[in-house]
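Q: I am attaching a structure below and will ask some questions about it afterwards.
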Amino acid sequence: MANVRIDRLHKEFRGPTGTVHALQELTLDIADGEFVSLVGPSGCGKSTALRIIAGLEVPSSGRILFGPRDITKLEPRDRNIAMVFQSYALYPHMTVRQNLEYGLRKRGIGKEERARKVAAIAPMLRLETMLERKPRQLSGGQRQRVALGRALIRDPEVFLLDEPLSNLDAKLRVHMRAELAALHQKLRTTMIYVTHDQLEAMTLSDRIVVMNHGVMQQVGTPEEIYSRPANRFVAEFIGTPSMNMIEGELRIEGGRPVFQGPGIAVPLPQAPPRMPATPQATLGVRPEDIALVPPDAPGAIRAKVTVSELAGAERYHFIELGSGSVILRTPATTVLRPGETVALGLDPARLHLFAGAGEDAAALR
Amino acid sequence: MLRLLRTYGLAMVLLTFVAFPLYWMTLTSLKPQTEVFRVPPTFLPATWTLEHYVNLFWLTDFGLLFWNSLKVCLLSTALSLAVGILGAYALARFNVRGKEAYGRLVLLAYMFPGALLVIPLLLLFRELGLTNSHLGLSLAYLTFSLPFVMWVMRDFFASVPVDLEEAAMIDGATRLGALWDVVLPQAVPGIIATGIFAFLFAWNEYLYALILISDESLRTLPPGMMRFVSTTDTNWGLIMAASTLATLPMALAFGLIQRYLVTGMGAGGVKG
């Protein structure tokens, strides 16, 4: 068991088309036993970071420490890590038992001890009956469990998981997600989890690291990331449907701050502590933070419904607002007809204001 | 129905084309000397005889030739696989500068006509004391089999998922350990296919064997069999008997590994 310190980790790839900075100055402290997710779109550097921690890639600069031990230059086999791959990477010519035992065998652990460890781990992952089968005779979920078992059996200091659930069908994914959470509860091993699925990151993690273009955007608990996104990219990446963004200007009118969008004006409860240099700003509001209000309520915004979608327990309503469109999330019992005019109220305490319009526009708070 | 007929008809024509020489060779080896030249020819021997086979072992050094050939072929196959597999793995996995150019160079080496290389090789081998040596002849065969093994195995390795060996390395294997434990078992069809090819090439090779070996006790089969042809007489029965026996190990090997060869030709079908 160890805490992990990632210190100004940098990785660039030199290609014929120029240098690509896959990872830029990533610094992160992970506590012993913590579950940390690296999340972001493909190409954001999350997998590169994980592969550097595993020792499968060499960083251009920076250091990695497990506890007091600098492991930056160690071979993967000397790091005492275990990794679960997206493809599971089960050895096709070995049985499940041989797959589980391989790491132990490579570490010179005797036959009896190996058999004992397999016997201990197999019931935990419900693999007892399939130990003598080959990977190709297993279902996707079973393969997934073998891959987990192969990592668990080694009792590693740090557990690395590279999109381990993304090859499973939706139902199995939810199930395995819960199993993974239970497993972490039980083992309390440091886990670093890479995913592009923000829902997996939200449900599993103690802390989430949101990445984009090789740069860490924000690190925090799932609550912090969701309710106080540091910039527009994080705000839009986390949450489904994603946060509504209205681009406009921040002004002071009659001593009170007002967000002026195309066709709408939203008074803000207070001015940001520091007014940005340019008035250009983006107002963000989550689909569940828009309420339907009586038409005569103060500050009500009148808008027209374009489409309503039923998503089981809830409904998503697409609503024309100014020159753009926002999504409103309501319980399924709220029925709105296309073409209908509704009055919307925005909860001022739950508005997000960003300076500028690009995805790196920082939150004003 | 018509399509079926056409398919089988074509297969029959091809089969005749390929199989008739084998059939004729085997039959001739079983005919007495007097029947070999009979006109019209007999398609089944009128008299069956094993006299050529008996002569082969009692009157010629066929046994020694066969043994020498086997030694040289096994050695050159083992060498080309050992070196070729490591080279191909490096070409498939490592990011070395000029890797692509090197890969193409390997293919170019394979296309070089052997007759062009044999004299320089002879001069070089004489300096190194590698003439009249089975090791020397095996090394000379590497000029052909090694590029082939590297070229084919490179594609095989490229089709084995990198994840597998990365998983093995995290599990505690060295890179060579991962290659041995995890990658090679996935590439078995390729290893067998290229191994057979390397063996076959060496088994049939005539020119190098003739020029690099002059010591009669070290002769291999193809040049050795040429001595059954003299200026005044060609003992066809003897040649055919020797050819039949020389073909046998190959035919057997092909029969046994047919399944792998098909996979081998569809390189990349490793994941089955």
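Q: Can you name every residue in the range B:176-192 that is assigned to a helix (DSSP H, G or I) and either at the interface with chain A (Cβ under 9 Å from one of its Cβ atoms) or under 22 Å from the mean Cα position of the chain (by Cα) (or both)? Break it down into steps so the answer makes sense when it comes.
A: To start, the set of residues in the range B:176-192 that are assigned to a helix (DSSP H, G or I) comprises B:176-186, B:188-192.
Passing the criteria: B:Gly177, B:Asp181, B:Val182, B:Leu184, B:Pro185, B:Gln186, B:Val188, B:Pro189, B:Gly190, B:Ile191, B:Ile192.
Q: While we're here: What is the one condition in (1) open to solvent by 40 Å² or more (accessible area, probe 1.4 Å); (2) at pLDDT 90 or above; (3) within 24 Å of B:Ile191 (Cα to Cα) that B:Asn95 does not satisfy?
A: (2)
Q: When you check B:Asp233 against the structure, is it away from every other protein chain (no Cβ under 14 Å) and either open to solvent by less than 40 Å² (accessible area, probe 1.4 Å) or not β-branched (Val, Ile, Thr) (or both), yes or no?
A: So B:Asp233 fits the description; yes.
Q: Kindly establish whether B:Leu218 is closer than 25 Å to A:Gly103 by Cβ and not hydroxyl-bearing (Ser, Thr, Tyr). Break it down stepwise before answering.
A: Working: closer than 25 Å to A:Gly103 by Cβ: no; not hydroxyl-bearing (Ser, Thr, Tyr): yes.
When the stated conditions are applied, B:Leu218 does not pass them.
Q: Right, here's the next one. Just need a number here: residues in the range B:32-70 that are touching a residue at least 24 places away in the same chain (Cβ under 8 Å), of a type in the set (Gly, Ala, Ser) and over 16 Å from B:Met226 (Cα atoms).
A: 0
Q: Tally the residues that are of a type in the set (S, T, N, Q), more than 14 Å from chain A (Cβ to nearest Cβ) and farther than 29 Å from B:Leu218 by Cα, restricting the search to the range B:125-166. Step through it out loud before you land on a result.
A: Filtering the range B:125-166 for residues of a type in the set (S, T, N, Q) gives B:131-133, B:138, B:143, B:145, B:159.
Within this subset, residues satisfying the condition of being more than 14 Å from chain A (Cβ to nearest Cβ) are B:131-133, B:138, B:143, B:145.
Now restrict to residues that are farther than 29 Å from B:Leu218 by Cα: none.
Summing the residues that are of a type in the set (S, T, N, Q), more than 14 Å from chain A (Cβ to nearest Cβ) and farther than 29 Å from B:Leu218 by Cα in the range B:125-166 gives 0.
Q: Moving on. Which residue, of B:Gly136, B:Gly195, B:Gly172, is of a type in the set (Gly, Ala, Ser) and not in a helix (DSSP H, G or I)?
A: Details: B:Gly136 fails: not in a helix (DSSP H, G or I); B:Gly195 fails: not in a helix (DSSP H, G or I).
Selected residue: B:Gly172, the only one of B:Gly136, B:Gly195, B:Gly172 that is of a type in the set (Gly, Ala, Ser) and not in a helix (DSSP H, G or I).
Q: Further, regarding this structure: If I filter the range A:129-141 down to residues being touching a residue at least 40 places away in the same chain (Cβ under 8 Å) and in a helix (DSSP H, G or I), which single residue comes out as most open to solvent (accessible area, probe 1.4 Å)? Steps first, answer last, please.
A: Of the range A:129-141, the ones touching a residue at least 40 places away in the same chain (Cβ under 8 Å) are A:134-136, A:138.
So of that shortlist, the ones also in a helix (DSSP H, G or I) come out as A:135-136.
Numbers: A:Pro135: 12, A:Arg136: 167 Å².
Within the range A:129-141, the match that is most open to solvent (accessible area, probe 1.4 Å) is A:Arg136.
Q: Of all residues in the range A:80-118, count the ones that are more than 7 Å from chain B (Cβ to nearest Cβ), buried (at least 21 other Cβ atoms within 10 Å of the Cβ) and not aliphatic (A, V, I, L, M).
A: Qualifying residue count for the region: 3.
Q: Could you grab me the full set of residues in the range A:3-44 that are open to solvent by 10 Å² or more (accessible area, probe 1.4 Å) and on the phi > 0 side of the Ramachandran plot?
A: Of everything in the range A:3-44, those that are open to solvent by 10 Å² or more (accessible area, probe 1.4 Å) and on the phi > 0 side of the Ramachandran plot turn out to be A:Arg8, A:Gly18, A:Glu25, A:Gly43.
Q: Might you let me know whether the range B:248-262 holds any residue that is part of a helix (DSSP H, G or I) and surrounded by 23 or more Cβ atoms within 10 Å (Cβ to Cβ)? First the steps, then the outcome.
A: Residues of the range B:248-262 that are part of a helix (DSSP H, G or I), as a first pass: B:248-262.
Filter again for surrounded by 23 or more Cβ atoms within 10 Å (Cβ to Cβ), leaving none.
No; the residues of the range B:248-262 include none that is part of a helix (DSSP H, G or I) and surrounded by 23 or more Cβ atoms within 10 Å (Cβ to Cβ).
Q: Quick one: A:Gln144 ticks every box in (1) surrounded by fewer than 21 Cβ atoms within 10 Å (Cβ to Cβ); (2) in contact (Cβ under 8 Å) with a residue 12 or more places away in the chain; (3) touching a strand residue (DSSP E or B) at 6+ places or on another chain (Cβ under 9 Å); (4) part of a helix (DSSP H, G or I) except a single one, so which number is it?
A: Result: A:Gln144 fails condition (1) only.
Q: Does A:Arg51 fit the bill of being at the interface with another protein chain (Cβ under 10 Å from one of its Cβ atoms) and basic (Lys, Arg)?
A: Values: at the interface with another protein chain (Cβ under 10 Å from one of its Cβ atoms): yes; basic (Lys, Arg): yes.
Considered against the rule, which asks whether it is at the interface with another protein chain (Cβ under 10 Å from one of its Cβ atoms) and basic (Lys, Arg), A:Arg51 comes out as yes.
Q: Please indicate, with yes or no, whether at least one residue in the range A:171-179 is small (Gly, Ala, Ser), in contact with a strand residue (DSSP E or B) (Cβ under 8 Å, 6 or more places away or on another chain) and without any contact (Cβ under 8 Å) to a residue 40 or more places away in the chain. Before the answer, list the steps.
A: Quick first cut of the range A:171-179, residues small (Gly, Ala, Ser) only: A:178.
Now restrict to residues that are in contact with a strand residue (DSSP E or B) (Cβ under 8 Å, 6 or more places away or on another chain): none.
Within the range A:171-179 (the criterion being small (Gly, Ala, Ser), in contact with a strand residue (DSSP E or B) (Cβ under 8 Å, 6 or more places away or on another chain) and without any contact (Cβ under 8 Å) to a residue 40 or more places away in the chain), the answer is no, since none of the residues qualifies.
Q: Restricting to the range A:79-128, give me the number of residues that are farther than 16 Å from A:Gln142 by Cβ and over 30 Å from the mean Cα position of the chain (by Cα).
A: Of the residues in that region, 19 qualify.
Q: Restricting the range A:147-205 to residues that are assigned to a loop (DSSP other than H, G, I, E, B) and away from chain B (no Cβ under 14 Å), which is nearest to A:Arg51 (Cα to Cα)?
A: In the first step, residues of the range A:147-205 are kept if they are assigned to a loop (DSSP other than H, G, I, E, B); the result is A:153-157, A:163-169, A:188-189, A:196-197, A:205.
Remaining after also requiring away from chain B (no Cβ under 14 Å): A:165, A:168-169, A:188-189, A:196-197, A:205.
Numbers: A:Leu165: 17, A:Leu168: 22, A:Asp169: 25, A:Arg188: 22, A:Thr189: 19, A:His196: 16, A:Asp197: 19, A:Ser205: 19 Å.
Ranking the candidates gives A:His196 first.
Q: Identify the residue in the range B:149-177 that is free of Cβ contacts under 8 Å to residues at least 60 places away in the same chain and farther than 14 Å from A:Leu90 by Cβ and, among all such residues, is most open to solvent (accessible area, probe 1.4 Å).
A: B:Leu176
Q: A further question follows. Please go through the range A:51-64 and give me each residue that is of a type in the set (A, V, I, L, M) and open to solvent by 20 Å² or more (accessible area, probe 1.4 Å), ordered by number.
A: Passing the criteria: A:Leu56, A:Val58.
Q: Within the range B:187-229, track down each residue that is surrounded by fewer than 23 Cβ atoms within 10 Å (Cβ to Cβ), among the polar types (S, T, N, Q) and touching a residue at least 40 places away in the same chain (Cβ under 8 Å).
A: Passing the criteria: B:Ser214, B:Ser217.
Q: Given B:Val72, B:Val36, B:Val18, which one is out of contact with any Cys (no Cβ under 9 Å at 6 or more places or on another chain) and surrounded by fewer than 15 Cβ atoms within 10 Å (Cβ to Cβ)? Talk me through it step by step, then tell me what you get.
A: Working: B:Val72 fails: surrounded by fewer than 15 Cβ atoms within 10 Å (Cβ to Cβ); B:Val36 fails: surrounded by fewer than 15 Cβ atoms within 10 Å (Cβ to Cβ).
The unique qualifying residue is B:Val18.
Q: Given (1) open to solvent by 10 Å² or more (accessible area, probe 1.4 Å); (2) within 14 Å of chain B (Cβ to nearest Cβ); (3) under 18 Å from A:Asp162 (Cβ atoms), identify the lone condition not met by A:Glu75.
A: For A:Glu75, the failing item is (3).
The values are calculated or read from the model by the stated rules, or taken from the named source; none is laboratory data. Since the structure is predicted, the reported quantities are computational estimates derived from the model, not experimental observations. Neighbour counts are summed over all protein chains in view; Cβ atoms, including those assigned to glycine, are modelled from backbone coordinates with ideal geometry. For the accessible areas, the whole protein counts, side chains as well, though only heavy atoms, and no ligand, DNA or RNA atoms are used. Shrake-Rupley method; radii C 1.70, N 1.55, O 1.52, S 1.80 Å.
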